[in-house]
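One structure follows; several queries about it will come next.
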Amino acid sequence: MKQFKSIDALRRGLGAVENDLVDEILAGRLDRRSFLRHGSVMGLSLSTLGGLAGAVGLVAPRRAMAQGKPGDTIRVAIATPAGAVDPVTVADDGGLTMLIQAGEFLCVTQADLTLKPVLATSWSHNDDSSVWTFKLRPGVKFISGGTLKADDVIATIDRLADPANASNALSAFKGILSKGNARKVDDLTVEFHLDAPYGAFPYVVSSDNYNCIILPASYKGDYEKNWDGTGPFKLDKFTPKVGASFVRNPDYWGDKALPDRTEFTYFDALQPRILALQGGQVDLIDQLPVIGGQALLNDPNVTIIREKSTAHQQVHMRCDAGPFADKRVRRAMALTLDRQKLVAGLLRGYGEIGNDTPFATVYPSAAPTIAQRKQDIAEAKQLLEAAGVGKGFKVNLTTETYLEIPQYAVLLQNFARAVGIDIELKIESQDAYYGKAVFGQSDWLDSTMGITDYGHRGVPNVFLRAPLLSDGSWNAAHFKNKDYDALVDQFGRTSDVGGQRDLAAKIETLLLDETPVLFGYFFDYLVPTRKGLAGIPPIPNRLFLDRAGFV
Amino acid sequence: MLGLLLRRLPYAAVTLFILSLLVFAGGQLLPGDVGRAVLGPLADPRAVAALNHQLGADRPALVQYGEWIGRFVRGDMSQSFAFRAPVAPFVGAALWNSLKLGGVAFTLVVPLGILGGIVAALNRGRLLDRAIVLVGLSATVVPEFVSGIVLILVFGIGLKLFPISATPPPGAGAAVQLYYLVLPAIPLVFIVFGYIARMARAGTVEALDSDYARTAVLKGLPRRDVVMRHVLRNALLPTITVVASQTGYLVGGLVVIETLFHYQGIGSLIYTAARGHDFPMLEAGIMTVGVIYVLSTLAADMLLAALNPRIRAGGRA
């Protein structure tokens, strides 16, 4: 039941964009999760959001995370960090898991893709979303002793946005925020002046961009010597290539960590990690792919934490040359896919089907009105006939040995055979596939057809831009479409969810017509734990252990 | 003996130099670069270029090699590209681990293999001979990852008799360390046993058929004395060469076992260095294994010379 008096009272304190969000939820076009997510991007406080959601009758689902008892030691098997644990350069799962134990972000992406304030207490933007103002949490202490101030945030962001610094975050900041454009308003307020308006900016400085842990302005690049940060844990011991252990940070600003201690052991391969969990040497594994991880999926001693994600494998088809230059051929290829079988077979059901656009249904901005593409061999044959290749053709598919991708390639090969497309597979190491990762020197970017892995993102903006914009640096499909570019530019500037959905509908319609890339499925992240371990939040690829404990 | 050693040492040095060149050349053929390996395929090219520049990996290949070999001959293994820390402690720790695991496997397999070969030869044509040969051959062809996983599942997870990791807790004593190394050593025993046993059997059979053995039997020596004093001394010469050739494998070639049993040995160090384009770590790791291999071959040559006067005399006898 809607409480209009309460709603009106809350609306009076909101701006035009925020009120648009309330309109959307009143009109029933947003569910509770989408409402909270968009509200969090706009910087609405959790109390305001909760009040509005309650007033319009959207009750929180009873899915409270079980919590363990305090005082445990949690033992974790993770992938060996690929190199030095350095917040500027880290790019791998093992390294990022290390960063987030002692380090914290301005805000953190939750399981429902909302943003939770952490070192920032709130944020807001100007009318066109080109300037964002973040209020910082007072009284936060660094492990090294100093107090968090605006200068620390500015130095951290400048370090990551500096092209001279070998920063892994540079690609996320590209075209959005440049070095020198984070400015101090006062000791606890920072303004970010963006290169162009960007409605989803808080995600760029959130845990989505995992290099953005906030360090003191005095940080000298020697992270492995001090493991500084503001987090619930502080380092106890670190041995490169072997492991690390952490203990509770008694000076933490928030609720103190439940575990007394966490112990991370590094493993070079998945199978030993699985065996270590089965053998009782660890309590959880950071991440389990379905292929290769079947042994744990049905193990009665293991609990699988399932985390919905937007991670996927993109199948690109060259739009500028070769057999896929005709969009009817690309559409025909898309129509050969039996997506339900892909999810059931490749992922054992741990995922959801895709609709050849980056808009996974978990994104609130996804247009709900777009019909799902289904397997239709007859229509595929008609399209090939119309394109003048009714008798089929041969084509090479180049891809990488990573997760379930080789098996996906074989399934695509089988699907395509039904319409006479003869796919020859070239499956190579990741190094060989990505090559120099620039056009002309990369099998990934130069191949006629290929499959490429993309990790989870809290907003679809990255997926919409680099792999699909005409000048996108990851545009392996060589897709060039001015209408698309304009729509994505507009989408990026838009911060209200209604406007985003309208644009998403246009973008999805255009992509379904052009089909430069197949998005066959989005897969879940799976975290296997020993039975009885609770308090691990189901956030894809971010292992936060401060609430972990055995029940 | 000293003369033989002095004659061999220059060859060993040349071998190691050629090895360093081959590794370096091979490293150049690997696709990608260290900046891309550290920052990932989707990193901004400016960041990749900046990291390659910071590490000196964007300099001409020969300049990099020249600097590396210059430091190496002075005992400096340089800095790791990936870990941005000196290579020597990584290699030292990994080598020590590998020597421990290799040592346990060596201690188990060499006596077992030689004994098996001799017993088979002494029972030539009988059921025991065939059983030893067949078991040895079968064990050799079972890949380490198969036997390793079976052992882990049965003895580690099922019966819980052994830990499934080869890495003992910090500060563990020698007995505990040995306990942790037994299970991973067994697949290595499987692989090397058949090889050593076959060589020992062939050598023993040949020695048993020789004129001097027949003479020893005919002059009335007990069978035990014939075997111990006349047959074994000659039978084991080719086996020693085989054992020496396996030493390099037992120290540096255990990537699969080290990965499976979660053990930080030099094999996995080399493997991850190659994957990460960490050229200084790769060169140092392979050169270390190369030195072990050369030293074990030299030791085998010395042992052969001690057992065979013709070798001591440079083939002039």
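Could you list all residues from the range A:365-399 that are farther than 18 Å from A:Phe415 by Cα, in contact with a Lys or Arg (Cβ under 8 Å, 6 or more places away or on another chain) and surrounded by 14 or more Cβ atoms within 10 Å (Cβ to Cβ)?
Correct list: A:Ser365, A:Ala366, A:Ala367, A:Ala387.
Can you find even one residue in the range A:519-535 that is touching a Leu at 6+ places or on another chain (Cβ under 9 Å), free of Cβ contacts under 8 Å to residues at least 40 places away in the same chain, over 30 Å from A:Leu235 (Cβ atoms) and not β-branched (Val, Ile, Thr)?
Scanning the range A:519-535, I find no residue that is touching a Leu at 6+ places or on another chain (Cβ under 9 Å), free of Cβ contacts under 8 Å to residues at least 40 places away in the same chain, over 30 Å from A:Leu235 (Cβ atoms) and not β-branched (Val, Ile, Thr), so the answer is no.
Quick one: which of A:Tyr198, A:Tyr210 is in contact with a Gly (Cβ under 6 Å, 6 or more places away or on another chain) and surrounded by 22 or more Cβ atoms within 10 Å (Cβ to Cβ)?
Exactly one residue qualifies, and that residue is A:Tyr198.
For the range A:280-295, which positions are modelled with pLDDT of 90 or more, over 23 Å from the mean Cα position of the chain (by Cα) and within 14 Å of chain B (Cβ to nearest Cβ)?
Hits for the range A:280-295 are A:Gly280, A:Gln281, A:Val282.
Another one. Suppose we filter A:Pro216, A:Pro202 for residues that are closer than 18 Å to A:Leu148 by Cβ, assigned to a helix (DSSP H, G or I) and either in contact with a helix residue (DSSP H, G or I) (Cβ under 9 Å, 6 or more places away or on another chain) or within 14 Å of chain B (Cβ to nearest Cβ) (or both); which single one remains?
So the residue among A:Pro216, A:Pro202 that is closer than 18 Å to A:Leu148 by Cβ, assigned to a helix (DSSP H, G or I) and either in contact with a helix residue (DSSP H, G or I) (Cβ under 9 Å, 6 or more places away or on another chain) or within 14 Å of chain B (Cβ to nearest Cβ) (or both) is A:Pro202.
Which one is farthest from B:Gly116 (Cα to Cα) among residues in the range B:159-191 that are facing another protein chain (nearest Cβ under 10 Å) and surrounded by fewer than 17 Cβ atoms within 10 Å (Cβ to Cβ)?
Once the filter is applied, the top-ranked residue is B:Pro170.
Okay, next question. Looking at (1) under 27 Å from the mean Cα position of the chain (by Cα); (2) within 14 Å of another protein chain (Cβ to nearest Cβ), find the lone condition where A:Lys426 falls short.
(1)
Keeping to the range B:193-226, report how many residues are more than 30 Å from the chain's Cα centre (by Cα) and of a type outside the set (Phe, Trp, Tyr).
Selection size over the range B:193-226: 18.
Scan the range A:247-262 residue by residue and report those that are surrounded by fewer than 18 Cβ atoms within 10 Å (Cβ to Cβ) and part of a strand (DSSP E or B).
Of everything in the range A:247-262, those that are surrounded by fewer than 18 Cβ atoms within 10 Å (Cβ to Cβ) and part of a strand (DSSP E or B) turn out to be A:Val247, A:Arg261.
Still on this structure, please answer the following. State all residues of the range A:269-285 that are surrounded by fewer than 21 Cβ atoms within 10 Å (Cβ to Cβ) and not aliphatic (A, V, I, L, M); if no residue qualifies, say none.
A:Gln271, A:Gly279, A:Gly280, A:Gln281
Among (1) in contact (Cβ under 8 Å) with a residue 60 or more places away in the chain; (2) touching a Cys at 6+ places or on another chain (Cβ under 8 Å), which single condition is A:Ala325 missing?
Result: A:Ala325 passes all but (1).
Just to verify a result, which residue in the range A:440-467, among those that are closer than 16 Å to A:Thr399 by Cα and hydrophobic (A, V, I, L, M, F, W, C), is nearest to the chain's Cα centre (by Cα)?
The extreme case among them is A:Ile451.
Of the residues B:Ala82, B:Ala88, only one is within 17 Å of B:Glu283 (Cβ to Cβ), among the hydrophobic types (A, V, I, L, M, F, W, C) and either under 24 Å from the mean Cα position of the chain (by Cα) or modelled with pLDDT of 95 or more (or both); which?
Checking each option against the conditions leaves just B:Ala88.
Could I ask something else about it? Against the conditions (1) away from chain B (no Cβ under 14 Å); (2) within 26 Å of A:Lys225 (Cα to Cα); (3) crowded, with 20+ Cβ neighbours inside 10 Å; (4) out of contact with any Pro (no Cβ under 6 Å at 6 or more places or on another chain), where does A:Ala166 fall short? Just the number, please.
Unmet condition: (1).
Being surrounded by 23 or more Cβ atoms within 10 Å (Cβ to Cβ), out of contact with any Gly (no Cβ under 7 Å at 6 or more places or on another chain) and in contact (Cβ under 8 Å) with a residue 40 or more places away in the chain narrows it down to one of A:Leu288, A:Leu297, so name that one.
Criteria check complete, one pass: A:Leu288.
Hey, another quick one. For A:Asp496, state whether it is more than 30 Å from A:Ala321 (Cβ to Cβ) and surrounded by fewer than 23 Cβ atoms within 10 Å (Cβ to Cβ).
yes
So in the range B:50-88, with the set limited to residues that are away from chain A (no Cβ under 14 Å) and part of a loop (DSSP other than H, G, I, E, B), which one is nearest to A:Gly83 (Cα to Cα)?
Result: B:Ser78.
Which residues, taken from the range A:413-439, are of a type in the set (D, E, K, R), within 14 Å of A:Thr398 (Cα to Cα) and out of contact with any strand residue (DSSP E or B) (no Cβ under 6 Å at 6 or more places or on another chain)?
Listed by number, the residues that qualify are A:Glu428, A:Asp431.
Here is a follow-up. Just one of (1) at pLDDT below 90; (2) under 30 Å from A:Lys394 (Cβ atoms); (3) surrounded by 24 or more Cβ atoms within 10 Å (Cβ to Cβ) trips up A:Ala332, so point out which.
Tallying (1) at pLDDT below 90; (2) under 30 Å from A:Lys394 (Cβ atoms); (3) surrounded by 24 or more Cβ atoms within 10 Å (Cβ to Cβ), A:Ala332 fails exactly one: (1).
Just checking, how many residues over the range B:75-115 are surrounded by fewer than 23 Cβ atoms within 10 Å (Cβ to Cβ) and under 26 Å from B:Met199 (Cβ atoms)?
Result for the range B:75-115: 11.
Next question. Quick check on B:Pro31: is it within 12 Å of chain A (Cβ to nearest Cβ), surrounded by fewer than 22 Cβ atoms within 10 Å (Cβ to Cβ) and either in contact (Cβ under 8 Å) with a residue 40 or more places away in the chain or assigned to a loop (DSSP other than H, G, I, E, B) (or both)?
For B:Pro31, the condition - within 12 Å of chain A (Cβ to nearest Cβ), surrounded by fewer than 22 Cβ atoms within 10 Å (Cβ to Cβ) and either in contact (Cβ under 8 Å) with a residue 40 or more places away in the chain or assigned to a loop (DSSP other than H, G, I, E, B) (or both) - is met.
Examine the range B:253-263 for a residue that is of a type in the set (A, V, I, L, M), within 14 Å of another protein chain (Cβ to nearest Cβ) and more than 14 Å from the chain's Cα centre (by Cα), and state whether such a residue exists.
yes
Do any helices (runs of 4 or more DSSP H) lying entirely in the range A:405-464 carry at least 3 residues that are small (Gly, Ala, Ser) and without any contact (Cβ under 8 Å) to a residue 24 or more places away in the chain, and which ones are they?
none
Within the range A:169-192, track down each residue that is within 14 Å of chain B (Cβ to nearest Cβ) and buried (at least 24 other Cβ atoms within 10 Å of the Cβ).
A:Ala169, A:Leu170, A:Ala172, A:Phe173, A:Leu177
For A:Asp222, are the conditions met, namely being within 14 Å of chain B (Cβ to nearest Cβ) and surrounded by fewer than 21 Cβ atoms within 10 Å (Cβ to Cβ)?
For A:Asp222, the condition - within 14 Å of chain B (Cβ to nearest Cβ) and surrounded by fewer than 21 Cβ atoms within 10 Å (Cβ to Cβ) - is met.
Right, here's the next one. Return the residues of the range A:340-363 that are over 30 Å from A:Phe439 (Cβ atoms) and not in a loop (DSSP other than H, G, I, E, B); say none if nothing qualifies.
Matches in the range A:340-363: A:Gln340, A:Lys341, A:Val343, A:Ala344, A:Gly345, A:Gly351, A:Glu352, A:Ile353.
The values are calculated or read from the model by the stated rules, or taken from the named source; none is laboratory data. On a predicted model such as this, the values are computed, not experimentally measured, just so you know. With ideal geometry, Cβ positions are generated from the backbone for all residues, glycine too; neighbour counts draw on all protein chains shown.
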